[in-house]
Structure formats: structure tokens, C-alpha cells
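Trainee: Before I ask anything, let me first share the structure, which is written out below as C-alpha cells.
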Amino acid sequence: MNRYNAVALVALAVDLFWWWLAERLNRGRGWVWLARIFIASQVALFLVEFTGRSLHAGAERNLPSAVSAFDLLWFWLGPVLTLAVLVASGVAWAGWHLGRRNAAGGRAGLPPPPASAGGRSRREFLGLAAAALPPVFTLSLTGIAFAQMEHFRVRRLVLALPGLPRDLDGATIAQVSDLHVGEFTSERTLRAVVREVNALRADLVVHSGDLINAELSDLPGALDLARAMPGRFGSCLIEGNHDLFENGAEFARQARASGIPFLRNEAVTLRVRGQPVQFLGIRWSEAEGTAARDAGLARSVRTVLALREPDAYPILLAHHPHAFDPAAAAGLPLTLSGHTHGGQLMLSDHSGVGPLLFRYWSGLYARGSSQLVVSNGVGNWFPLRVQAPAEVVHLTLRRA
């Protein structure tokens, strides 16, 4: 069972849990229909999404983006809400039980207090909360997601690189990663990205994977966008995992026909101010599991190392940032990656989803004389970002 299917089963269990809870706490109350309608619609939307993604049938693309976002936010974050509610309920119950026991001890020998409507009122409140919390939670997050979805920043980094040739001192690179042309990256955002990248007038433009979100029908337009962002001395692109969802071979065929150098365990040399710069681009490792994927990345790094030109300055392009480990071990001075979306949902710079899943998730990392830049990406596969803003990265190379 892959990770997506496992999460799908958890999401279905959460739906059933909320339905059961709402029914149990709201016997005879009209607002239980709020929960019934929400959960039934979520199950139906989930089946459309899951069937489309599993069969690559594209059925989910018939949904409006707001509806799809509504479904995905509950699908991924509903289990988090459920866990929080269960923990809070357990703490509240323990406190209530301890308070009753202490009160009973203090009333020893006294008659019990008169019955009140407090228990019924508390149950009504809990019943309303069980019915209303999931839709209010999901609608609120959907509104927040759409409010932020069209915003991105330009992140400017100056890299001090030992061994950088004198002619490359001050050279600039615009890194466009995780564009995710598809349902959650709007036409207006895409046009703004093109304008912003072109305004940077970078010497080189690199696309570090996930040009499309999933559907090959989006690829011609995505390649047009990439061609509309030429570097002064050239550009190139590599593949990401989303690029391969529907048909990796067809993605590669169209990418190669685009006129932009497409690197799949391959290399291209571009001349910047007369100095050769060699981009070594590796393929996505489709192995399941962190260890197997890292091993696949290491094999790809070894493959492109055999292509190195001794007079060219090498830069590794790898969608997954864990390729930095074998790259640094081999002495490659600079690696550019994406994939992580900056951790997507972060509590702070160092806590959140990013460090749970990746060794490197956002910004600049160094090991010895080697450096890694991980872009947060400028597009969206998931509608919500927290403390992980979308970005285009602008790099200035300096001699250390």
C-alpha cells in the first residue's frame, strides 16, 4: 500500500468517526443534518478525487478548484483536527472526573446536590460542535487558501562559492521550481511569475521540476510559459514527481521537443560571459521509501558525474533535495532543488511538516565547500501554505 492509499483510508475513517459522533450527540436535533450533508459530500468528493488520481482518469479535474480545495483540505487536515479534538476531550474529561472526585470527597456525609440542566446543556453544546466544527473548519481554511494562493515573493540569495571562476563573479540565476501548472495555480499567477522572472534579467533561468501538477493536457501551455522566461545566456529544465503522474515518457518527449534543454541524467553546457557553466540534471527517483529513493538519487548523481567537463563550472539540478548528500560528497559546489514547498505547513522555520519529511526543506544549506538551495516553489499542488510562502529564487554567485 502506497502512502496516498494509506492516507485515504485514514481520511475515510475520520469521516466515519465524525458521522458517528454527530449522530450520537445529536439524537432528535435538526442540526445533525449539517454533519450528514458535510460528511456525505466529502465522501462523494473523496471518491471522485481518489478514483481520478488512482486511475489517472482526470475525473477530479471536472471539479471547480474551490470544491477540490474544500475536499483536499479536509482530506489532509481532518485527521489533524480529529486528533486535536480527541486529545482535548481526553484532557477535559480527566479534569472533569478529577474535579468530581475531589468535590465528592469534600461533601462526605452531605446529601448530593440537586440535579440541574447542566449536563443536558453541555451535551447540546457538544452535539452542535460535532455537527458544525468540520464544515466551519474546512470552509475557513478554504477561504484562507484562496486569499493567499496568488501571492508569491522573490527570495534573493547571495552565494559565496569557493572556486567560482572570476568571470562568473556576479552572475545571476533565476530558479523557478514547482510551477504546478494546473488547478491551483491560476492564469493570473502564471502571468505574474513570467513578468517577475523576466524583470530580474537573470543570466540563467532554471526550472527545477514539477512544471505541471498532473495532467499532460497542461504541458503545452506550461512549456510555453517556460519558453517565455529565457535567461540572458540560456535556460534548462528537469523533471519532478508530478510531471510523471500521467505519462513520464510523454512528458519527456514533449519537453525535449520544446527547445529548452531537458536534462534527465544528462548535462548541458551554457556559456556565461565566455565561461562554460555545466548543468547536471538528474531524473526523479521513483523508488518507494526514503532509503530506496536516496539510493536512486545517489545513482543518478554518479551517472551525471561521469559527464563532467573539466573546464566547466558544474551546477547540479535535482528536484529532490536529498541529492545534496551525494553531490556534496563528490565535491559539487552548488545544487538547486525544489519539491518540498518549504515544508508546506510550518509552525516556524524549524518545526512543521518540512523537517518531518526532509533533511533539507527551505533556503540555503552548506556542507564543506558545497551549497544547496531549496526553493519553496512558486505554484501549488495543495491549496494552503503556512509559514512556507511561494517564491521565485534569485541567486547571485560570488567568489568566496
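Read-outs throughout are calculated quantities, based only on the coordinates presented, and are distinct from any laboratory measurement. Every value quoted in this text rests on a predicted model; they were computed, and no experiment measured them. Cβ coordinates were reconstructed from backbone atoms using ideal geometry, including for glycine residues, and neighbour counts include every protein chain displayed.
Trainee: Mind checking the dipole of the stretch 119-230: about its Cα centre, +1 per Lys or Arg Cβ, -1 per Asp or Glu Cβ, Debye to the nearest 20? Don't skip to the answer; put the middle values down first.
Mentor: On the way: 12 positive and 13 negative charges, 126 e Å.
For this selection, approximately 600 debye.
Trainee: Additional query: Considering the chain as a Gaussian network with a 10 Å cut-off on Cα pairs, which listed residue, A388, A160, A252, attains the greatest mean-square fluctuation?
Mentor: Among A388, A160, A252, the largest mean-square fluctuation in the Gaussian network model of the chain belongs to A160.
Trainee: Students often get this wrong, so try it: which of (i) 95, 46, 38; (ii) 65, 49, 41; (iii) 55, 43, 38 is Cα extents along the principal axes in Å as calculated from the structure shown?
Mentor: Here the calculated entry is (i).
Trainee: So which trypsin sites (Lys or Arg not before Pro) in the stretch 283-350 pass both tests, a DSSP loop state and at most 15 other Cβ atoms within 10 Å of the Cβ?
Mentor: Numbers: sites: R283, R293, R299, R302, R308; in loops: R283, R308.
Listed in order of number, the matching sites are R308.
Trainee: Next question. How high is the relative contact order of the chain? Use alpha-carbon pairs under 8 Å, at least six apart in sequence, and give a whole percent.
Mentor: RCO, the chain: 19 percent.
Trainee: Just A306, A292, A35 to compare: in a GNM of the chain, with alpha carbon springs under 10 Å, which one fluctuates most?
Mentor: A306
Trainee: May I ask for the longest run of the chain untouched by GluC sites (Glu not before Pro) that are loop-located per DSSP and have at most 15 neighbouring C-beta atoms (other than their own) within 10 Å?
Mentor: Numbers: sites that count: E150, E286, E288.
Of all site-free stretches, the longest is 1-149.
Trainee: Can you figure out the FRET efficiency of A292 with Q148, using R₀ = 45 Å and their beta-carbon distance, to the nearest 0.05? Before the final figure, lay out the partial values.
Mentor: Details: r = 35 Å, r/R0 = 0.77.
Step by step, r from the Cβ atoms, then E = 0.85.
Trainee: I'd like the distance separating the alpha-carbon centroids of the stretch 234-252 and the stretch 339-364, in whole Å.
Mentor: 24
Trainee: Could you point to the residue in A160, L305, V176 farthest towards the positive end of the chain's charge dipole, with +1 and -1 charges on the Cβ of Lys/Arg and Asp/Glu respectively?
Mentor: Farthest along the dipole direction, towards plus: A160.
Trainee: For the stretch 151-399, what is the charge dipole size about the Cα centre, in debye to the nearest 20, if Lys and Arg each add +1 at the Cβ and Asp and Glu each add -1 at the Cβ?
Mentor: Working: 25 positive and 24 negative charges, 180 e Å.
Dipole of the stretch 151-399, to the nearest 20 debye: 860 debye.
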